Amino acid sequence: MKLKKKIKIVISADGGAGSGKTTGSRLIAKKFGLELLSSGLLYRYCAYKLLKKNKFRNKKIFLKKIVKKITNKKLKNKNLYNPEVTEYTSTIAKIKFVRDLLRSFQENFAKSGKCILEGRDIGTVILPGAKSDLKLFFKCSLNTKAKRRFLEYKKNNKKITFKQVKNALKLRDLEDTKRKISPLRPAKGAVIVDTSKINIKQMSARLFHIVYVALKKKYGKSL
Ligand code: C5P
């Protein structure tokens, strides 16, 4: 569905690790021609750079410099998904100055007015209230998401076990939910999308319907 030029919609999509928010956000972005920002990549990039350059002291000065130079290309680096980087990302994501540094990047991205941002705190902190027209919150049972991730990871790492994948997901969700600053939780008025018992086709249908309803609510007949 190609949206008319004048139609604007800003969507926030939050959820735990492996909840389906990235897949769901990609589907929405493609269907409605929206720009997509996976905000986790910003945190991952910071963690990756800190690890690579061994900058565990004076993080603030170092990150200030690198955040200014973030480009889409830099966020496509496959190393951002290394297990070590993934684990460290949740640690640095708890630090207030890290979140503050990445905030303006996300706010600027949303200025296009035709976009979807996915992460942990988009609907609650980055684009709360009227700053996003539609707030989605993805969830999925631990067992199901661990099964899905395990099959995915197994393609590249034959040695990985189901238990390792499940524990890593559980730990990350716990860290993201329990942290003091910007914890993972549904925004007020968020539509909950539970992906535990649905396949991708069913998820697309559900999501497209939700977005369509939000557009209808905003634009009525002029859609
Ligand atoms: O979504 P993704 O798995 O790439 O996120 C990696 C990590 O980045 C999360 O586990 C979380 O600790 C952090 N994150 C965050 N806030 C966001 C997006 C990601 O704290 N908006």
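Kindly state, to the nearest 0.05, the FRET efficiency for residue 96 paired with residue 216, given R0 = 30 Å and r defined as their beta-carbon distance. Write down the numbers at each step before the final one.
Values: r = 39 Å, r/R0 = 1.30.
Efficiency for this residue pair is about 0.15.
If the elastic network links every pair of Cα atoms under 10 Å, which of 183, 128, 83 fluctuates the most in the Gaussian network model of the chain?
83
Could you tell me the center-to-center distance, by alpha carbons, between segment 1-75 and segment 174-217 in angstrom?
17
Could you give the nm distance between label points at residue 26 and residue 154, where each point is 7 Å from its Cα heading toward the beta carbon?
Placing both labels 7 Å beyond Cα along the Cβ direction yields 2.0 nm.
Work the Kirkwood hydrodynamic radius out for segment 100-223: mean of 1/r over every pair of different alpha-carbon atoms, inverted, in Å. Intermediate values should be presented prior to the final figure.
On the way: mean 1/r = 0.0599 Å⁻¹.
16.7 Å is the Kirkwood radius here.
Tell me whether the chain comes out rounded, prolate or oblate; compute the Cα gyration tensor, take square roots of the eigenvalues as a ≥ b ≥ c, and use a/c under 1.5 as the rounded threshold. Provide the component values of the computation, followed by the final result.
Numbers: a/c = 1.86, a/b = 1.26, b/c = 1.47.
The shape class here is oblate.
Would you mind telling me which residue in 143, 79, 58 has the biggest mean-square fluctuation in a Gaussian network model of the chain, where springs connect alpha carbons within a distance under 10 angstrom?
Ranking 143, 79, 58 by mean-square fluctuation puts 58 first.
Just to be sure I understand the model, the point goes 7 Å from the Cα along the line to the Cβ. What's the resulting residue 201 to residue 170 distance in nm?
With each label point 7 Å from Cα toward Cβ, the separation is 3.4 nm.
Suppose every Lys and Arg Cβ carries +1 and every Asp and Glu Cβ carries -1, with no other charges. What dipole size does segment 9-217 come out with about its Cα centre, to the nearest 20 debye?
Values: 52 positive and 14 negative charges, 152 e Å.
With only Lys, Arg, Asp and Glu charged at Cβ, the dipole is about 740 debye.
Highest GNM mean-square fluctuation, the chain, Cα pairs closer than 10 Å: which of 153, 48, 81?
Highest fluctuation among the options: 153.
Show which aspartates and glutamates lie in cross-link reach of residue 8 when reach means a straight Cα distance below 18 angstrom and same-chain residues fewer than eight apart are skipped.
35, 107, 118, 133
Set the bar at 29 Å for Cα to Cα. Now go through 21/218; 76/159; 5/49; 94/197 and name every pair that lies beyond it. Write down the numbers at each step before the final one.
Working: 21/218 23 Å; 76/159 25 Å; 5/49 38 Å; 94/197 31 Å.
Check vs 29 Å cut-off fails for 5/49; 94/197.
Could you tell me which of the pairs 78/158; 52/114; 30/52; 2/180; 65/135 are separated by over 30 angstrom between their Cα atoms in the structure shown?
Table pairs above 30 Å Cα-Cα are 52/114; 30/52; 2/180; 65/135.
Values quoted throughout were computed directly from the atomic coordinates according to the rules given, and no laboratory measurement underlies them. The model shown is predicted, which means the values in this text are computed figures rather than measured ones. Note: ideal-geometry Cβ built from the backbone for every residue, glycine included; neighbour counts use all protein chains shown.
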